[in-house]
1. Against the condition away from the ligand (no atom under 16 Å from the Cβ) and outside any loop (DSSP other than H, G, I, E, B), how does G49 come out, does it pass?
2. Select from region 229-241 the residues that are within 14 Å of the ligand (Cβ to nearest atom) and either closer than 12 Å to D188 by Cα or not in a strand (DSSP E or B) (or both) and list them in ascending order.
3. Just checking, which of S224, S122 is under 25 Å from S269 (Cβ atoms) and buried (at least 19 other Cβ atoms within 10 Å of the Cβ)?
4. Starting from region 182-194, keep only residues that are within 17 Å of S235 (Cβ to Cβ) and among the charged types (D, E, K, R), then list their pairs with residues that are within 9 Å of the ligand (Cβ to nearest atom) and part of a loop (DSSP other than H, G, I, E, B) whose Cβ atoms are within a distance under 8 Å, requiring at least 6 positions of separation or different chains.
5. What is the residue count in region 255-280 for residues that are within 16 Å of the ligand (Cβ to nearest atom) and under 30 Å from L214 (Cβ atoms)?
6. In region 35-77, what residues are without any contact (Cβ under 8 Å) to a residue 12 or more places away in the chain and closer than 29 Å to I287 by Cβ?
7. Given the structure, is F185 closer than 19 Å to H301 by Cα, aromatic (F, W, Y) and in contact with a helix residue (DSSP H, G or I) (Cβ under 8 Å, 6 or more places away or on another chain)?
8. What pairs can you find where one residue is in region 108-122 and assigned to a helix (DSSP H, G or I), the other is within 15 Å of the ligand (Cβ to nearest atom) and at pLDDT 95 or above, and their Cβ atoms are less than 9 Å apart, with a gap of 6+ or different chains?
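The values are calculated or read from the model by the stated rules, or taken from the named source; none is laboratory data. All of these numbers come straight from a predicted model, not from anything done at the bench. Glycine also receives a Cβ, built like all others from the backbone with ideal geometry; neighbour counts cover every protein chain displayed.
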Amino acid sequence: MSSSFAVVGMAAFPLNTFVSDMVIQEVAARLRSENLKAAELLCLSNVLGNPRGSLPGYPSKERAKSIGNQLQDFQVSIHGPYVISLTSTEKGVLRTSRAHMTRCLRVADLVGATHVTFHAGSRQLKSATKDLVLQRLKEIMVKIENDEISALPAPEVAGKVAGFGSFEEVCEVAGAAGCLFCWDFAHDFARGGDVTNEAGILRRLELIDDTIDLSRRRLPIHLSGIFANRRGEVSHTPLNGGSNVPWKLFLSVLQEQRFLDKVSIVCESKSDERNGLDFRFEQALLIKEFIDNGRIEKEYHPSRPSLTRFFKKEEVD
Ligand SMILES: [Zn+2]
């Protein structure tokens with residue numbers, strides 16, 4: 001058995017005006033019975049202000065507190081909406097992005113979440129993008145300090161090559177801004193990051209140790225399977241599907257380096273056929289059981305591209 005305390009969980013449910021206590025309690029009960037510790041709440045399509053049509057709004061202050069009370073046993077995080085972009089040069093987009101970030105961070109405090117994961121945006125200005133993201137993250141950090149918010153922003157390693165940014169870039173800006181970042185391991189793999197061998201993963205762990213303050217928080221990690229092509233991420237898949245993410249190698253290195261104490265792992269597997277609660281638990285438990293059994297499997301054979309990979313229709317960016 002592993003002596004480290006691993007925090008593993010999954011994308012739990014949408015956090016919005018429509019979520020019912022029944023859903024929350026069902027998820028909480030199952031997390032508890034499977035001994036899973038992390039729950040990421042999804043604000044992916046939330047709108048600012050009142051719900052519009054089928055588009056949900058953010059929960060009220062009272063509602064968010066009540067949701068948080070039901071999730072006290074877990075390490076909670078929030079996934080911000082897809083409309084957020086810190087790379088945009090359009091004023092309207094930036095204004096909306098800042099408003100969503102502030103809203104998400106406030107809701108995060110109310111539900112007891114440690115951080116808000118979000119996609120930083122597409123790479124628009126080539127070389128200047130990194131500076132832009134850093135500057136905007138710093139602005140968010142000032143806002144947080146002024147408003148006495150304790151949740152932290154955590155920009156995610158992007159899956160598409162055209163997205164900001166690579167592991168190194170995101171780690172660097174997060175370190176400089178004093179926030180967290182989310183190491184989406186499947187994204188890192190999909191964009192061609194050096195994660196298919198032990199040395200490459202070790203270099204990343206070193207960079208994290210040198211760059212990010214983890215004295216009081218765990219580093220957020222997303223883990224799933226993924227389909228990738230030369231432009232990077234096409235879609236998330238089950239862990240053992242898609243383009244063969246080296247997830248066992250990854251967990252083995254984390255285990256050997258005693259790094260499991262420093263991270264929290266949220267499973268983001270998706271499948272074309274089934275995405276219900278059963279599927280998501282099954283996938284998160286593959287990760288948890290691999291860790292609990294203390295398994296070490298460091299051999300990774302990039303599979304020959306499977307036929308399904310070639311015939312998988314490319315999604316439009
Ligand atoms: Zn992710």
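1. On the way: away from the ligand (no atom under 16 Å from the Cβ): yes; outside any loop (DSSP other than H, G, I, E, B): no.
No: the conditions fail for G49.
2. Listed by number, the residues that qualify are G232, E233, L239.
3. Details: S122 fails: buried (at least 19 other Cβ atoms within 10 Å of the Cβ).
The conditions single out S224.
4. D184/V157; D184/G159; D184/E268; D188/V157; R191/V157; R191/G159
5. Pass one, region 255-280, residues within 16 Å of the ligand (Cβ to nearest atom): 263-271, 275, 280.
From the residues that got through so far, the ones that are under 30 Å from L214 (Cβ atoms) too are 263-270, 280.
The qualifying residues number 9.
6. Across region 35-77, the qualifying residue is only N69.
7. On the way: closer than 19 Å to H301 by Cα: yes; aromatic (F, W, Y): yes; in contact with a helix residue (DSSP H, G or I) (Cβ under 8 Å, 6 or more places away or on another chain): yes.
The answer is yes for F185.
8. Qualifying pairs under 9 Å: A108/L41; A108/S77; A108/I78; A108/H115; A108/V116; V111/L41; V111/I78.
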